[in-house]
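Let me begin by presenting the structure, written as structure tokens, before commenting on it.
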Amino acid sequence: MATSGTPYYSYPGQQPHPIPISVPDSKPSDSDSPLSSSISQSPLVHAFFTDPPNTWPSDLSDKLLQSTSLSASPTSYVDLYDNKYVLKTNTLPSAILDRPRLAHEIHIMALAGPECALPILGRHFLHGKINGFVTEYKKCVLDRRLIGELGPGHTHTNGVRIDIDPGVYKNRKEMIFKFVALLERLHSKGILHGDINPSNLVLVDSDLRFIDFAESVLESSPRPLHPKNRVLTARYNSPTALNDTFAPLTRADDLYTAGMTMLHMYTGRLPFADLWEGEDMDEVEVEERIMGGLRPDLSVIDDEEVREVIARYLQAGEPNRQATSL
Ligand SMILES: Nc1ncnc2c1ncn2[C@@H]1O[C@H](COP(=O)(O)OP(=O)(O)O)[C@@H](O)[C@H]1O
Ligand SMILES: [Mg+2]
């Protein structure tokens, strides 16, 4: 069934999938770079195609289409195609060193279902192994334009807000309760997300869904997380998780990071942004301060109900708690 490295036309009877990523038919204009014109004229541009029956729709083994990069991390590339589809693939070192990573993420997304995750539209194969997956492009809770413009943690106008999407910020209380419901749905399926923060939330209609299940685990079979994966979003992490990066993930860790996420959504500011800005601390220093007992100041939350729910979620992740639920 492997489609590895083989152009679709070598599979007799297989047709390009009816929802290929469209490539403009017209010739590239003179202003196009030589690279983009050679890509759009390649015979492999319609690389989304149907796999053998009973496998995912629109699997692909080539990704030569023109794309825009949404994100690049040590473990993954995330590219946008035709302003509609997002392809997340392993970066090359992790494709070699950590082959099951994307397969694991796809598996958990399928278990989480469309009420918690985005449906998978297709998969990408590299040398016969799953190396990526396709989802629909959705609006993100973190406003990507502002992240790019300002850098993480920096605010626009004297700390009022904002790297949260303006629509989410405007309806932040409602969104926070939708987020609580989303996490309850995920946990009720016995799935722990493992990397909850605003950059891993997208909007579907006016509701929220998780993305980025790379660190997710089934609660029934927890596995220790690799410390390197925790560094990027350290400031959301629970003191327990920071103190022992080899400890298995628990529901309490998800609840604490959810509390931090709600704090960020409500204030529009990265947790501990004042330390970042005022005292010029880096992530490692913030992490050390959290381990030493630093906690966010919840008095900045002017809504009592929101403040209470955030306090409850943060409390669930305190080191002396063995919370399995709220
Ligand atoms: N379906 C999607 N729609 C919109 N943006 C997306 C989508 N998938 C990923 N992204 C963007 O790409 C970023 C990185 O993707 P993610 O799955 O979180 O990978 P990583 O493991 O690198 O954090 C996200 O924070 C989000 O901004
Ligand atoms: Mg992410």
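Read the figures in this text as sums done on the coordinates, not as results from a lab. Everything quoted here is computed from the prediction, not taken from an experiment. Neighbour counts run over all protein chains shown; Cβ positions are idealised from the backbone, glycine included.
Side notes on the structure shown:
- Potential lengthening of the chain between ARG295 and GLU136 amounts to 53.6 nm, from the contour at 0.36 nm per residue minus the alpha-carbon distance.
- Given their separation in residues at 0.36 nm each and the Cα-Cα distance between them, LEU70 and HIS107 gain 11.0 nm when the chain is fully extended.
- Computed from the Cβ-Cβ distance with R0 of 25 Å, the FRET efficiency linking GLU184 to GLU318 stands at 0.80.
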